[in-house]
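Take a look at the structure set out below.
Since every read-out is calculated from the coordinates, none of them should be taken as a lab result. Computed from a predicted structure; not experimentally measured. No Cβ is skipped: glycine too gets one built from the backbone with ideal geometry, and neighbour counts run over all protein chains shown.
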Amino acid sequence: MVHDCSIPVLAEGVYEFDARGVAKRFRHAAIFGALSALKSGETMRFCNDHNPLPLLAQIEQHFGTGVKMAYVSQAPGEIIIDFHVAT
């Protein structure tokens, strides 16, 4: 499956977040801010150039079961993860 994170055509309630365009020093703060802004039932589709394992652990620790994570793609240079806020 090929996904182009620059094309914001997604289902209703799914919001794109392409971390590749955010300066590395601001990424974690921007991601946590975006996740905190999501409402119940909404999803953030996160795109990154690498698998952010430390970030995923931080998200799990901070949000617990309130945010579910699911990989959409693990292609080299294009990691796509859906973060879904529980209802």
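Among residues of region 69-87 that are surrounded by fewer than 10 Cβ atoms within 10 Å (Cβ to Cβ), those with a Cβ under 7 angstrom from a residue that is not charged (D, E, K, R), sequence gap 6+ or separate chain, pair up as 87/40; 87/41.
Could you list all residues from region 64-87 that are in contact with a helix residue (DSSP H, G or I) (Cβ under 8 Å, 6 or more places away or on another chain) and farther than 18 Å from residue 28 by Cα? Scanning region 64-87 gives a single hit, 86.
A single entry from 39, 24 fulfils the requirement of being touching a residue at least 40 places away in the same chain (Cβ under 8 Å) and at negative phi: 39.
If you go through region 20-63 and pick out every residue that is in contact with a helix residue (DSSP H, G or I) (Cβ under 8 Å, 6 or more places away or on another chain) and either in a strand (DSSP E or B) or more than 12 Å from residue 83 (Cβ to Cβ) (or both), you end up with 10. When you check residue 39 against the structure, is it surrounded by fewer than 11 Cβ atoms within 10 Å (Cβ to Cβ) and in contact with a strand residue (DSSP E or B) (Cβ under 8 Å, 6 or more places away or on another chain), yes or no? For residue 39, the condition - surrounded by fewer than 11 Cβ atoms within 10 Å (Cβ to Cβ) and in contact with a strand residue (DSSP E or B) (Cβ under 8 Å, 6 or more places away or on another chain) - is met. Taking the criterion of being closer than 17 Å to residue 22 by Cβ, outside any loop (DSSP other than H, G, I, E, B) and either more than 10 Å from the chain's Cα centre (by Cα) or of a type in the set (D, E, K, R) (or both), the only residue of region 64-83 that qualifies is 78.
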